[in-house]
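Report on the structure given below.
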Amino acid sequence: MDLKTGIRYYHSGFEADFRPEAVTTISEYHRMETKESDYLIYNIPGLVEINQEQIDRNKKEIMKAFKECPTSIVIFVWAQIGGRAQDDDVIAFNALNDAYKFPVESLMFIVNNIPPNRPQQYEGKFLAVLNDTIKSFDVTTVDTIFIDAVDPTNSAQMQNTRAKLMKYIAVHPAHKQNKQHDIVLQLDELKQMRNILKQQQQQAEQDRARLEMQIAKMTKEHNRSQAEANERFQKISEECKSMQQRAQAKSANEYKNPFKAFWVLVDSTVDLAVGSTQLVGLGAGALIDLATGTSSEEVSRKMRDVTKGITAGRVNGLDD
């Protein structure tokens, strides 16, 4: 299940290609060094495998990464087949979230490698069906990014993908990920788990009227969250520009471009593994702070101003 997308970023520290055996079996990371701190971008294996030995290996690698980098942004990547999340991805997320109880503010979802020419309600249907499947957690449009399949030789497509990722990553602060207990997943239980998921999906589809209403609702919320993400990112860009100008006035020789740091982050994160988890051990505020010399207090205040309302959107949904 842990196949690479075929997107290759030579600056990321991770390489992906089209080989079906190109799976992540150990936790690997790209280190971003600054004078003040080191930042790690982890690529973590998927959880579900064909035998218990491999499952246990993945458990150890995942827990090792969280132990090494406990304060982080967690990005869970959903593979899709025919516009639906794979059952094994749902099983993996449930097991990981049960073990760590991820803080919602630092948790993001990416639906990867989707067809550019998709139906108008593709995103809404994916989220509606997924939320019917995951009963203990609401996957919101605020925290979910849909990434088109891209041609790695097309620089415009790659730039657009980076910008789209940046808009979402920039408003997700890093939090400490506290392990509640070891990850629990046994091979002999997988068949039963898959059957339960199929039953839940069938039950949801039988109530077509309710499902169609949910799809329409999620589609509307997705479209609105896209517009709001653009607006939030524009505000962040304006704040960065203001900080740059102050930094230049303060010392032209010491000036650094904060977007260079952002691009390092995005280059490293966009190299996605299907069904895997990415850990990003930094936040946008920290990057701006390091890049411009702006005080942490000022960065935190400005980021709170820019991102206010996001938590309410997660809890209450977007306004009608």
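A few notes on this one:
- Here the extension length gained between Asn51 and Gln226 equals 59.0 nm, from 0.36 nm per residue of separation less the Cα-Cα distance.
- Dipole magnitude of the range 141-240, debye to nearest 20 (Cβ charges: Lys/Arg +1, Asp/Glu -1, about Cα centre): 120 debye
- Projected onto its three principal axes, the C-alpha set of the range 87-191 covers 44, 32, 24 Å, listed from the longest axis down.
- Estimated vicinal HN-Hα couplings, Hz - the range 184-190 in sequence order (Karplus 6.51, -1.76, 1.60; Gly, Pro = x): 10, 7, 10, 4, 6, 9, 5
None of the figures in this text is laboratory data; all of them are computed from the coordinates on show. The shown structure was predicted, so the numbers you read here are calculated from the model rather than taken from an experiment. Cβ coordinates were reconstructed from backbone atoms using ideal geometry, including for glycine residues, and neighbour counts include every protein chain displayed.
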